[in-house]
Amino acid sequence: MSVIVRVSEAYVRDGLEEEFLARLRDLVSSFPNRYEGLLRHAVLVDLDDPRRVQYVSEWADEAAPVAYAGEGWRTDAVTFPDEEAYLTGPLVLRHHESIEIDTAGD
């Protein structure tokens, strides 16, 4: 099974990390109940630079992120109100295909 992995990366202004993370956690906590096809999601904070934050979501297929991000899901970032006040620049958005690895032979 192939899964679509969506990664939104933000660089948070110095000193606003905790406030940004609180808003982000509050926003995404309801996503599993709101968006069919969202398999799992996580907020990642870089250990070397805690201002670098990623929101990673895994979707069942290419149709699933449309309900979340719209028809332009491949290019349009999903943001929360006033998000730009927390960031040093716009979100960087990337998509990946996650391919299962068969470990049965190990």
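Given LEU16, ILE4, PHE80, which one lies farthest toward the positive end of the charge dipole of segment 2-99, if we put +1 on the Cβ of every Lys and Arg and -1 on the Cβ of every Asp and Glu? After comparing all options, I get ILE4. Residue-normalised convex hull volume from the C-alpha trace of the chain: 118 Å³ per residue.
I need to check one value: relative contact order of segment 2-99, counting alpha carbon pairs closer than 8 Å and at least 6 residues apart, in percent.
Working: 155 pairs, mean separation 45.2, N = 98.
Relative contact order of segment 2-99: 46 percent.
Taking Cα atoms only, the orientation of helix 17-28 departs from the longest principal axis of the chain by about 40 degrees. For THR75 and VAL56, the difference between the fully extended length at 0.36 nm per residue and the C-alpha to C-alpha distance is 5.3 nm.
For an R0 of 22 angstrom, estimate the FRET efficiency from the Cβ-Cβ distance between GLU17 and LEU39 and round to the nearest 0.05.
Efficiency at R0 = 22 Å is approximately 0.20.
Coordinate-derived values only; no laboratory data. Because the structure is predicted, anything quoted here is derived from the model rather than measured. FYI the Cβ positions are ideal-geometry reconstructions off the backbone, even for glycines, and counts take in every protein chain you see.
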